[in-house]
Amino acid sequence: MRKIARDILDTIGNTPLVHLSRFFGKEHVYAKLESANPAGSMKDRTSHLIVSELLRNGNVMEGGTIVESSSGNMAVGLAQACRFYGLKLKVVVDVNLNKQTHKLLTTYGADVIMVNEPLPDGGFLAARLKKVNELLDTIPGSIWSNQYGNPNNPKAYFAVMEEITNSLSQNLDYLFVATSTCGSLMGCANYIEQNELNTKLIAVDANGSVLFGGRPEKRKIPGHGASVPSQFLDISKIHDVIHVTDLDCIQGCRDLLNKEAILSGGSSGGIVSAYQRYSQRLPEKSTSVLLLPDSGERYLDTVYNDNWVKHIIGNRNFKRDNYQPIKLQNGILGTAI
């Protein structure tokens, strides 16, 4: 029997772990559905822990203002937490923010500040962070929640690992995690290290991201990859990294919907595609978990919109309601570290 939650934030965590048997047959592949969190993504975990700790330590008081930069999910998680705790939120976003997320933010009462132009060095993320500093200088008593450097970001994902390993009786061989701030990635990595697990961590990064030494390029699918280095990333704790394109993300989303009836977000689709390409390297009977950050409801106008894909992403193999598998050189996506 489920417990009665104390409040809405008490429902964060204990998200479903689903066997993807229709997609991958007899393979032991599971999806951790973080979309089941109350504000719709795994960033609910980060937001709640960061905000509650700022309040507990007296860094912000009721009625105070939190400022943050976000590509979407962190903003929504913070908006819910700030609404609950009686805080104001100024969230800096950029033009890649999808319309549904913008509506959610304004509904929660967040003040949305849009950055329209990237900086030459650091792209949209650097431009957003510049605006954050400007706001902190002009809003008395405001504080930056700083998802990019706050140690409570990775700490929030210890609970994710506990939930997964308890469900699988610690029988977890591979964990696939998308990158952005690298908070979730390194939180899982630190848990694996501290608990001396044999789990191998696979980072799923975006083409055009600089996190693993790549060159910055324009990206249209928000929520993964970064145009500036991560303050959390420790490559020595990562077993491997796979890079995915925007189209990989779209294909993965649609494949997951078609085969499992799971409506997932853009970075989740990237993880699905990454697993498909990487599975040829995995030992037989190995157990893998795909940490899926959010649902697809916020991507209906983009990832699941045929016209948007054709005009913004472009693909000569595009067919309505279907994508043909991309053939990669040598059959391999990404590079080993």
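Here are some residues: Ser35, Ser52, Ser41. Which one is hydroxyl-bearing (Ser, Thr, Tyr), out of contact with any strand residue (DSSP E or B) (no Cβ under 7 Å at 6 or more places or on another chain) and either crowded, with 16+ Cβ neighbours inside 10 Å or more than 23 Å from Leu256 (Cβ to Cβ) (or both)?
On the way: Ser35 fails: out of contact with any strand residue (DSSP E or B) (no Cβ under 7 Å at 6 or more places or on another chain); Ser41 fails: out of contact with any strand residue (DSSP E or B) (no Cβ under 7 Å at 6 or more places or on another chain).
Selected residue: Ser52, the only one of Ser35, Ser52, Ser41 that is hydroxyl-bearing (Ser, Thr, Tyr), out of contact with any strand residue (DSSP E or B) (no Cβ under 7 Å at 6 or more places or on another chain) and either crowded, with 16+ Cβ neighbours inside 10 Å or more than 23 Å from Leu256 (Cβ to Cβ) (or both).
Looking only at strands (runs of 3 or more DSSP E) that lie completely in the range 1-84, which have at least 3 residues being farther than 16 Å from Trp144 by Cβ? Don't jump to the end; show me each part of the working.
On the way: elements: 17-19, 28-33, 65-69.
It comes to 17-19, 28-33.
Can Ser184 be described as under 25 Å from Gly269 (Cβ atoms), surrounded by fewer than 17 Cβ atoms within 10 Å (Cβ to Cβ) and hydroxyl-bearing (Ser, Thr, Tyr)?
Working: under 25 Å from Gly269 (Cβ atoms): yes; surrounded by fewer than 17 Cβ atoms within 10 Å (Cβ to Cβ): no; hydroxyl-bearing (Ser, Thr, Tyr): yes.
Here the answer is no, as Ser184 does not meet what is asked.
Would you call Asp94 surrounded by fewer than 23 Cβ atoms within 10 Å (Cβ to Cβ), more than 17 Å from Arg298 (Cβ to Cβ) and not hydrophobic (A, V, I, L, M, F, W, C)?
Working: surrounded by fewer than 23 Cβ atoms within 10 Å (Cβ to Cβ): yes; more than 17 Å from Arg298 (Cβ to Cβ): no; not hydrophobic (A, V, I, L, M, F, W, C): yes.
Judged against the criteria, Asp94 is not a match.
Taking into account only those residues within the range 13-32 that are touching a Phe, Trp or Tyr at 6+ places or on another chain (Cβ under 8 Å) and β-branched (Val, Ile, Thr), which is surrounded by the most Cβ atoms within 10 Å (Cβ to Cβ)?
Val29
So, Ser142, is that one touching a residue at least 40 places away in the same chain (Cβ under 8 Å) and within 25 Å of Ala36 (Cβ to Cβ) or not?
Numbers: touching a residue at least 40 places away in the same chain (Cβ under 8 Å): yes; within 25 Å of Ala36 (Cβ to Cβ): no.
Answer is no for this residue.
Pairs, please: C-beta under 6 Å, at least 6 apart or cross-chain, first residue among the charged types (D, E, K, R) and in the range 288-308, second part of a strand (DSSP E or B) and at pLDDT 95 or above?
That search, which allows pairs on different chains as well, returns Asp294/Ser41.
Filter the range 4-32 for residues that are without any contact (Cβ under 8 Å) to a residue 40 or more places away in the chain and at positive phi and give the result.
Listed by number, the list holds a single entry, Gly25.
Yes/no per residue for (1) surrounded by fewer than 17 Cβ atoms within 10 Å (Cβ to Cβ); (2) among the basic types (Lys, Arg):
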site	(1), (2)
Glu217	yes, no
Phe232	no, no
Asp248	no, no
Gly252	no, no
Gly265	no, no
Ser268	no, no
Tyr275	no, no
Arg281	yes, yes
Ser288	no, no
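Does Pro151 fit the bill of being free of Cβ contacts under 8 Å to residues at least 24 places away in the same chain and either within 17 Å of the chain's Cα centre (by Cα) or within 30 Å of Arg6 (Cβ to Cβ) (or both)? Can you show your working first?
Values: free of Cβ contacts under 8 Å to residues at least 24 places away in the same chain: yes; either within 17 Å of the chain's Cα centre (by Cα) or within 30 Å of Arg6 (Cβ to Cβ) (or both): yes.
It is true that Pro151 is free of Cβ contacts under 8 Å to residues at least 24 places away in the same chain and either within 17 Å of the chain's Cα centre (by Cα) or within 30 Å of Arg6 (Cβ to Cβ) (or both).
Could you list, in sequence order, the residues of the range 1-28 that are within 23 Å of Ser47 (Cβ to Cβ), touching a strand residue (DSSP E or B) at 6+ places or on another chain (Cβ under 7 Å) and either not assigned by TED's automatic domain parsing to the domain that holds Leu175 or not hydroxyl-bearing (Ser, Thr, Tyr) (or both)?
Pro16, Leu17
Mind checking whether some residue in the range 234-253 is within 13 Å of Ser180 (Cα to Cα) and not β-branched (Val, Ile, Thr)?
Yes: the range 234-253 contains one or more residues that are within 13 Å of Ser180 (Cα to Cα) and not β-branched (Val, Ile, Thr).
Which residues, taken from the range 225-278, are in a loop (DSSP other than H, G, I, E, B) and either of a type in the set (S, T, N, Q) or in contact with a Gly (Cβ under 8 Å, 6 or more places away or on another chain) (or both)? Before the answer, list the steps.
Narrowing the range 225-278 to residues in a loop (DSSP other than H, G, I, E, B): 225-234, 238-239, 245, 261-263, 265.
Scanning the range 225-278 gives Gly225, Ser227, Val228, Ser230, Gln231, Phe232, Thr245, Leu263, Gly265.
Of all residues in the range 164-189, count the ones that are over 16 Å from Lys43 (Cβ atoms) and not small (Gly, Ala, Ser).
11
The values are calculated or read from the model by the stated rules, or taken from the named source; none is laboratory data. If you're wondering where the values come from, they're calculated on a predicted model, not measured in any experiment. Using ideal geometry, Cβ is built from the backbone for each residue, glycine included, and neighbour counts are taken over all protein chains shown.
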